[in-house]
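Take a look at the structure set out below.
The values are calculated or read from the model by the stated rules, or taken from the named source; none is laboratory data. These figures come from a predicted structure and were not determined experimentally. Cβ sites come from the backbone with ideal geometry, for glycine too, and all protein chains shown count toward neighbours. When the accessible area is computed, the model is the full protein with side chains, heavy atoms only, and any ligands, DNA or RNA have been set aside. Shrake-Rupley method; radii C 1.70, N 1.55, O 1.52, S 1.80 Å.
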Amino acid sequence: MNLAEGIKMRSVSPLRSLLYVFVILGMFGVTLGLVPASRAQFGISVSIAPPELPVYEQPQCPGEDYIWVPGYWAYDDDYYWVPGTWVLAPEAGYLWTPGYWGWRDNGYFFNAGYWGPEVGFYGGINYGYGYFGHGFEGGRWERGHFFYNRAVMNVNVGVNRNVYETRVNERRGNRVSFNGGRGGINDRADAREESAGRQRHIAPVAAQNEHIQAARSDRQLHVSQNNGRPPVAATERPGDFRGRGAVPAREGGRVNGPDRPDNNGGNRPANIVHSRDVPQHDRPPAPNTGNPKLDQRYQQQQQNLQQKQQQDHQRLQQRQDQDHQRQTQQRANDSRQQQMEQQHQRQTQQLEQKHTQQQQQMQQRQQPRQPQQQQQQQHQQQQDRQQKPH
């Protein structure tokens, strides 16, 4: 039987056809599995977690009743970035619930996004711009029109006067893009979100599907090419990757790998660039010299060192943030931005090395000292072993 005859399927049942899909994808290390019916019928399971979310500026809203759809990592032969964009809702009163990656059955499954009268559960992922993990703070529908929260959304009031302003508490610093598993967001749907998941839903509109296909076809948006920092992170309109409303990522996201530890791993990630991304230092073991007063003094020294190192990270983070602001104001090209990121990585690594040395030196100083008689005894035993004939 030749290759063409092997691929051709005559009168094959739907179940058997699905089995063929399982076999073919299994050859490439990708599996299929069922996902909740409220989100999709089946999805791809990937063994490697998606990269962190990149940092980017939201383009200005192009007109009335556009809803912000945040960017996310999708998967084909590898992860690729689907830029955030503004989309007209399919019906007045409908809001967008973003999709999200979730861990189960030893793999990461993507739960597709949908339109509905309420925002449902999207994994607790902090996509920003109103989607801070639960619910939506970017705006609301009133009298058949969408009103934008100017504290969250980038809206030109000269074009769109349906605005209000309500400050919200944003969760900063966490750019993890998946729920569950090692290093993932540990959030679950509440009663309101579960109720929203059972309401009438509308699948992504045609403009969104075309937007996704355009992102999939653009090799520069694949993580193998951009290393977690897509050159187009968001657009003013779906599929418009070359227009003036297309913005690049200001900062890339850490790329996960099969042998690369995540934030909860025992080792620190090797590709950390910025001070803000450094995991919190592990506390040294409590002193136990047998002298309570000495233990108390040693513990105070440890706390003082930890506080000083946190201040070092904060000062470096401020300097790096200022560098980013200057580059944005000056509209620096890719070469200058890359040089800046390399400098930030060196700064962060040097600071980490300095802190590691400080911790090691303190641990050496705080080692319990052996009594002089015991030291002499050990020294004599060592000499005896050296002089003993072999």
- prompt: Taking residue 149, is it touching a Ser or Thr at 6+ places or on another chain (Cβ under 8 Å) and more than 15 Å from residue 126 (Cβ to Cβ)?
  reply: yes
message: Considering only the stretch 233-240, I want to know if a residue exists there that is at pLDDT 90 or above, of a type in the set (Val, Ile, Thr) and open to solvent by less than 30 Å² (accessible area, probe 1.4 Å).
response: yes
- request: Restricting attention to the stretch 213-232, report how many residues are assigned to a helix (DSSP H, G or I), surrounded by fewer than 18 Cβ atoms within 10 Å (Cβ to Cβ) and not basic (Lys, Arg).
  value: 5
query: So residue 160 fits all but one of (1) of a type in the set (S, T, N, Q); (2) within 25 Å of the chain's Cα centre (by Cα); (3) surrounded by 13 or more Cβ atoms within 10 Å (Cβ to Cβ); (4) modelled with pLDDT under 95; what number is the exception?
result: (2)
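Taking the stretch 43-59 as the search range and keeping residues that are open to solvent by 50 Å² or more (accessible area, probe 1.4 Å) and in contact with a Phe, Trp or Tyr (Cβ under 9 Å, 6 or more places away or on another chain), which one is modelled with the lowest pLDDT?
Per the criteria, the residue is 44.
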message: Looking at residue 51 and the list (1) over 18 Å from residue 229 (Cβ atoms); (2) within 19 Å of the chain's Cα centre (by Cα), which single condition is not satisfied?
response: (1)
query: Quick check: anything in the stretch 284-292 at pLDDT below 85, within 24 Å of residue 253 (Cα to Cα) and not aliphatic (A, V, I, L, M)?
result: no
- prompt: Yes or no: residue 319 at pLDDT below 80 and not aliphatic (A, V, I, L, M)?
  reply: no
- line: Note on the stretch 320-349: residues basic (Lys, Arg) and over 23 Å from the mean Cα position of the chain (by Cα) are 326, 331, 336
statement: Among (1) of a type in the set (D, E, K, R); (2) modelled with pLDDT of 90 or more; (3) buried (at least 16 other Cβ atoms within 10 Å of the Cβ), residue 39 falls short only on (2)
message: Any residue in the stretch 216-228 that is over 9 Å from residue 81 (Cβ atoms) sitting within a Cβ distance under 7 Å of a residue that is of a type in the set (D, E, K, R)? List the pairs, counting only those 6 or more apart or interchain.
response: 216/76; 224/78; 225/219
message: Report every pair of residues separated by at least 6 positions or lying on different chains whose Cβ atoms are under 7 Å apart, first residue within the stretch 71-88 and under 23 Å from residue 153 (Cβ atoms), second modelled with pLDDT under 95 and basic (Lys, Arg).
response: none
- line: Only one of 361, 314 is open to solvent by 90 Å² or more (accessible area, probe 1.4 Å), modelled with pLDDT of 80 or more and more than 25 Å from the chain's Cα centre (by Cα), namely 361
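Within the stretch 99-113, is there a residue that is under 26 Å from residue 47 (Cβ atoms), open to solvent by 20 Å² or more (accessible area, probe 1.4 Å), of a type in the set (Gly, Ala, Ser) and in contact with a Lys or Arg (Cβ under 8 Å, 6 or more places away or on another chain)?
Within the stretch 99-113, one or more residues are under 26 Å from residue 47 (Cβ atoms), open to solvent by 20 Å² or more (accessible area, probe 1.4 Å), of a type in the set (Gly, Ala, Ser) and in contact with a Lys or Arg (Cβ under 8 Å, 6 or more places away or on another chain).
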statement: Restricted to the stretch 322-353 and to residues being under 23 Å from residue 365 (Cβ atoms) and open to solvent by less than 40 Å² (accessible area, probe 1.4 Å), the residue modelled with the lowest pLDDT is 352
- request: Being assigned to a strand (DSSP E or B), open to solvent by less than 30 Å² (accessible area, probe 1.4 Å) and not hydrophobic (A, V, I, L, M, F, W, C) is the filter here, so list the residues in the stretch 136-157 that pass it.
  value: 139, 148, 149
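Is it true that some residue in the stretch 115-135 is acidic (Asp, Glu), surrounded by 16 or more Cβ atoms within 10 Å (Cβ to Cβ) and in contact with a strand residue (DSSP E or B) (Cβ under 9 Å, 6 or more places away or on another chain)?
Yes; the residues of the stretch 115-135 include at least one that is acidic (Asp, Glu), surrounded by 16 or more Cβ atoms within 10 Å (Cβ to Cβ) and in contact with a strand residue (DSSP E or B) (Cβ under 9 Å, 6 or more places away or on another chain).
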task: Consider residue 209 carefully, then state whether it is modelled with pLDDT of 75 or more and farther than 30 Å from residue 358 by Cβ.
output: yes
